[in-house]
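First comes the structure, then the notes that go with it.
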């Protein structure tokens, strides 16, 4: 016996009341339907009374309308595939916003009764009235037990009905309704929500963000209060021109993203005159930071997507556009006592910016010209910008690398389409997009675009800050004054001179304390480096630790008393002695690792001493060899003219630098197809400088760093990613190394141009 499925009448509530998160979302769904119907105009009217039973909501459009056939076959059919099969509208070829066929149940979310009047554009003067009482679904057993009413009507009936509703009072009535009217009027009554002024203001805000500004000419949207027709009217999409930065990005497929950066944060005339020395700094001599680049105000760049990112996932992401604005919401007065400023900011209205960001801030997604909620709403930091910034809270001018934008300083629009981004499927609630691997990659690509802006601003502001320090060397002056005060032998000092001497002594004490802190910091760098190294071997250590039993020889001696080893000769499986040999190998692995780790943090490494570089690198290589050999990585050392060569410093500093280099190489080899994996360390004495070249034949830096390789030295910058472009490296190794080297006089670090793999050179002045 074959039996049909039956659909419970409760289904209406599941896909109506429960499928739309809130009333605003339900109204937006019905506005989208108007757009899909090729309407030029859509009007939302709230006729709110003291009693919700008497209150009404109207959604009116001048679209193509519906015939009785369309109402029966499509409007009354749940889950129709019409929009899926016919992705574009019939006349204006708009990409339709929905595809699930459940949007009409937004009526049920708004109220318990609904009436629809519709006139099709191809049936002049002939229309239909459709109505349903949603309360019937509560009493019915199956969905088919509930029936809606459908009757044919005339234009005269429409006119009388609109007068009854009070729609004829609207300022836009004559424009919207005419003798040859076509379109749809929806009337929802017995409302489920309390539409007070706060709720209507919230609806206005959401409608202002519903469509982008460029769509306004082809689709006008209005919102009215029936009891206060002057309250609103035409809904104008949000726009703001007073920004610090505007970034426009376009992804067309492949592994490149084209971006355009507009700078508006700094006063160019001041930059060109009073701050012109900033362009003499090395970082500002190259494109796009030269004076002539600022004169253009707008620059273009190409962002490279890491080659490790899955090509299939990239293809599924599809084309998209991303435009965002950076807006400071406070203007700090950074003048010193002489009126000098670090940054020649353009002035702006703080109050206006703060209000606008509170209202429109966040990154929103638009699909086929309509906003996808809830992205960009207050508190919806779906890109995780807040978490990013919390990990690296420093300002753009404090240090190079690690600057992260705050989520309350950004407003952005991402544009996607059903046609080109088919993998972005709606959640069942119609609020948001399913969090799959494709969407995760999509978010990471957006973050990569934001990172390009962060690097641009960071470079400019840091160099302006450094220029300020150079031109206003108060610290050097203070040191000189302190030394002179302490050297004074005059016993008959004035009260001011005595106070100065006390301050000078305190200054020198703080200077000594700072030196001690630097030594402590050196140790912490070493520990941080050990943490990075440990992360590389965590899985190995865990494997070893789980199998550690009483020591190998003890077990073997006990076993020999009961089971002669000869009886297991030639057996590959179920051989206890073979298992013991395996355990011994693992014990050796653990021994080598612990030996390396303990040597790295011994007390002597935290002392400021003369380091024999020849001896240091010999021991360094030997400590790593056992570990690397198990990974089939060969490491070799060349010492050239290094006998009797010493460096004054912390041995822990050298460990931090070169341990990071080795662990980076190990990570690079994980995805390398190179069979003969090698690391080469060459140390030479070149006219009083120790030159250390570290080279491996791994995969090298990603293509995204081809044009800006030095970016890899910034904090949290890493080329180690997974197939979704998630950064899985710490991004701290080379940053730590550069920070250490900067503390040594006449020392430097730079990438080496190598044909294959990765190369880096460090130079120290030796004794």
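The values are calculated or read from the model by the stated rules, or taken from the named source; none is laboratory data. Since we're looking at a predicted model, the values are computed, not measured. All Cβ positions, glycine included, derive from the backbone under ideal geometry; neighbour counts span all protein chains shown.
Residues checked against (1) surrounded by fewer than 20 Cβ atoms within 10 Å (Cβ to Cβ); (2) in contact (Cβ under 8 Å) with a residue 60 or more places away in the chain; (3) within 30 Å of residue 290 (Cα to Cα):
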residue	(1), (2), (3)
415	yes, yes, no
421	no, yes, no
432	yes, yes, no
438	no, yes, no
445	no, yes, yes
450	no, yes, yes
455	yes, yes, yes
459	no, yes, yes
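Pairs meeting the criteria (first residue in the stretch 615-631 and under 13 Å from residue 678 (Cα atoms), second residue modelled with pLDDT under 90, beta carbons under 6 Å, at least 6 apart or on different chains) are lacking.
Limited to the stretch 1-51, what total is found for residues that are over 22 Å from residue 192 (Cβ atoms), modelled with pLDDT of 85 or more and assigned to a loop (DSSP other than H, G, I, E, B)? Final tally of qualifying residues: 4.
If you go through the stretch 100-151 and pick out every residue that is under 48 Å from the mean Cα position of the chain (by Cα), at pLDDT below 80 and surrounded by fewer than 16 Cβ atoms within 10 Å (Cβ to Cβ), you end up with 6. Taken as a whole, the stretch 183-192 holds at least one residue that is buried (at least 16 other Cβ atoms within 10 Å of the Cβ) and at positive phi.
Taken together, the residues in the stretch 626-641 that are more than 15 Å from residue 694 (Cβ to Cβ) and crowded, with 17+ Cβ neighbours inside 10 Å amount to 1. With respect to residue 747, is the statement that it is touching a strand residue (DSSP E or B) at 6+ places or on another chain (Cβ under 6 Å) and within 22 Å of residue 455 (Cα to Cα) true? No.
Determine if the stretch 193-203 includes at least one residue that is in contact with a helix residue (DSSP H, G or I) (Cβ under 6 Å, 6 or more places away or on another chain), at pLDDT 85 or above and either in a helix (DSSP H, G or I) or over 27 Å from residue 377 (Cα atoms) (or both). Break it down into steps so the answer makes sense when it comes.
Narrowing the stretch 193-203 to residues in contact with a helix residue (DSSP H, G or I) (Cβ under 6 Å, 6 or more places away or on another chain): 193, 203.
Then keep just the ones that are at pLDDT 85 or above; that gives 193, 203.
Filter once more, keeping what is either in a helix (DSSP H, G or I) or over 27 Å from residue 377 (Cα atoms) (or both): 203.
Yes, the conditions are met somewhere in the stretch 193-203.
Among the residues in the stretch 299-312, are any outside the structural domain of residue 720 (by TED's automatic domain parsing), within 30 Å of residue 281 (Cα to Cα), at pLDDT below 90 and over 21 Å from the mean Cα position of the chain (by Cα)? No.
Given the residues 262, 272, 241, 307, which is the only one that is touching a residue at least 12 places away in the same chain (Cβ under 8 Å) and part of a loop (DSSP other than H, G, I, E, B)? So that I can check it myself, show each step before the final result.
Values: 262 fails: part of a loop (DSSP other than H, G, I, E, B); 272 fails: part of a loop (DSSP other than H, G, I, E, B); 241 fails: touching a residue at least 12 places away in the same chain (Cβ under 8 Å).
307 is the lone residue from the list that is touching a residue at least 12 places away in the same chain (Cβ under 8 Å) and part of a loop (DSSP other than H, G, I, E, B).
Once the stretch 663-677 is narrowed to residues that are surrounded by 17 or more Cβ atoms within 10 Å (Cβ to Cβ) and in contact (Cβ under 8 Å) with a residue 40 or more places away in the chain, the residue that is nearest to residue 716 (Cα to Cα) is 664.
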